[in-house]
1. From the list Asp35, Asp85, which one is closer than 18 Å to Ala11 by Cβ, acidic (Asp, Glu) and more than 13 Å from the chain's Cα centre (by Cα)?
2. Quick check, is Ala13 at pLDDT 95 or above, within 14 Å of Lys88 (Cβ to Cβ) and either surrounded by 13 or more Cβ atoms within 10 Å (Cβ to Cβ) or not aromatic (Phe, Trp, Tyr) (or both)?
3. Determine, yes or no, whether Ala86 is in contact (Cβ under 8 Å) with a residue 24 or more places away in the chain, of a type in the set (Gly, Ala, Ser) and surrounded by 11 or more Cβ atoms within 10 Å (Cβ to Cβ).
4. Looking for something exposed (fewer than 15 other Cβ atoms within 10 Å of the Cβ), touching a residue at least 40 places away in the same chain (Cβ under 8 Å) and either under 29 Å from Ala81 (Cα atoms) or under 14 Å from the mean Cα position of the chain (by Cα) (or both) - is there at least one such residue anywhere in region 51-64?
5. Please find, within region 29-48, the residue that is surrounded by the fewest Cβ atoms within 10 Å (Cβ to Cβ) out of those that are in contact with an Asp or Glu (Cβ under 9 Å, 6 or more places away or on another chain) and under 16 Å from Val97 (Cβ atoms).
6. Of (1) touching a Phe, Trp or Tyr at 6+ places or on another chain (Cβ under 9 Å); (2) hydrophobic (A, V, I, L, M, F, W, C); (3) modelled with pLDDT of 95 or more, Phe76 satisfies all except one. Which?
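The values are calculated or read from the model by the stated rules, or taken from the named source; none is laboratory data. The structure displayed is predicted, hence computed values, not measured ones. Using ideal geometry, Cβ is built from the backbone for each residue, glycine included, and neighbour counts are taken over all protein chains shown.
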Amino acid sequence: MARRMTHKMRASATEGGALVKLLIQHPMETGNRKDRVTGERIPRHFIREVHCEHNGAIIMTAFWSWGMAFNPYLSFRLRKASRGDAVKVRWWDSKGVTETIETRVR
């Protein structure tokens, strides 16, 4: 049975903006490890691009590679954010899978 992937994101209001914290569950496979049973290399599988939006406007784009850690953590500050503002993060991985998570500033 496949394990359900869950991602966590929180946006907390701070003085003058908001602090966004995001935990993405992703294998971030480097392509260097070998399968213990077959001995064959496990193919690379990693997040390539991350877009962060604040109230519909893209505020940050990050380009990642296979060197990132398993289940990457991302944290950033938003200036001029207030309670109730929408924050959305979308990412694409090397297998073409796209995921999105959104929250509101609390």
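1. On inspection, the qualifying residue turns out to be Asp85.
2. When the stated conditions are applied, Ala13 does not pass them.
3. Details: in contact (Cβ under 8 Å) with a residue 24 or more places away in the chain: yes; of a type in the set (Gly, Ala, Ser): yes; surrounded by 11 or more Cβ atoms within 10 Å (Cβ to Cβ): yes.
Yes, satisfied.
4. No, there is no match, as no residue in region 51-64 is exposed (fewer than 15 other Cβ atoms within 10 Å of the Cβ), touching a residue at least 40 places away in the same chain (Cβ under 8 Å) and either under 29 Å from Ala81 (Cα atoms) or under 14 Å from the mean Cα position of the chain (by Cα) (or both).
5. Among those residues, the one meeting the criterion is Pro43.
6. (1)
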